[in-house]
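The values are calculated or read from the model by the stated rules, or taken from the named source; none is laboratory data. This is a predicted model, so every value here is computed, not measured. Ideal geometry is used to build each Cβ from the backbone, glycine not excepted, and the neighbour counts take in all protein chains shown. Each accessible area value is taken on the protein alone, full model and side chains, heavy atoms only, with ligands, DNA and RNA left out. Shrake-Rupley method; radii C 1.70, N 1.55, O 1.52, S 1.80 Å.
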Amino acid sequence: MQDTITSLINPADEQGQYLNAAALDQLNKYFQKGAVRVQAASTISDTASSIISKTVAKSLLYGDITLPGGNMYPTRRYAACLRDLNYFLRYATYAMLAADASILDERVLNGLKETYAALGVPIDRVVEALNAMKEVLHGAVGAEAGQELGVYLDHITAGLA
Ligand code: CYC
């Protein structure tokens, strides 16, 4: 996993250089938003299950997908879906704190598209749920952190395309 700090320090170290003005400017922006990110992560830690249930209610709950023949039926699959949404929320939160998407590539997206295809998990519905999660997060953590989390949820969507 990478984060903003290591991704600026590592290349400078490889060249034996102090951080240049552009790198320091990026670090400054990263630290300026630090309190907002930690506050958002704190809200998510406290309210994750409500964020997930609102997400499901907005996107998946009232349709055929939860009925016999749908991929969220029976309860075992429903539970797998809730678990996956929790993974997406938790890893998007880590990525937001690091301001770096690499953890998503390494731990979430690696092989996920193929797994979903093999199990018949409908990717368009996963994307619908990810978009609903973005809206729910906007309400839960506010516009600024919500927008940043949205970048990482979009990264998951892009990795499933
Ligand atoms: C299954 N989701 C899976 C599986 C994996 C993941 C590996 C197959 C193994 C299992 O059932 O546990 C995902 N596992 C992950 C991820 C990580 C991981 C992301 C990284 C931490 O370790 N079905 C729907 C909805 C959607 C859904 C649209 C929820 C948004 O219709 C999800 N995922 C879903 C379902 C299954 C699944 C229903 C079970 C499918 C089956 O067994 O038939």
Within the chain, helix-based [θ] at 222 nm, where runs of 4 or more DSSP H residues each add -39,500 (n - 2.57), nearest 500: -24500 deg cm²/dmol
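Keeping every protein chain present and rolling a 1.4 Å probe, give me the accessible area per residue for the chain in Å².
On the way: 8960 Å² over 161 residues.
Per residue, the chain has an accessible area of 56 Å².
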Longest to shortest principal axis, alpha-carbon extents of the chain, angstrom: 61, 32, 20
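State the percentage of accessible surface on the range 88-153 attributable to carbon and sulfur atoms; use a 1.4 Å probe and exclude ligands, DNA and RNA.
Details: 1550 of 2880 Å².
Whole-percent figure for carbon plus sulfur exposure: 54.
Going by average Cβ density within 10 Å per residue, which order do the peptides 53-64, 69-80 take, highest to lowest? Numbers along the way, then the final one.
Working: 53-64: 16.3, 69-80: 13.8.
Those peptides, ordered most packed to least, come out 53-64, 69-80.
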Cα centroid separation - the range 91-112 against the range 119-161, whole Å: 13
The chain: most fluctuating residue of 140, 23, 41 per GNM, C-alpha cutoff 10 Å: 23
Estimated distance in nm for a label pair at residue 64 and residue 83, the labels positioned 7 Å out from Cα along Cα-to-Cβ: 2.7
Among 143, 98, 22, residue whose mean-square fluctuation peaks in a GNM of the chain (springs only between Cα atoms under 10 Å): 22
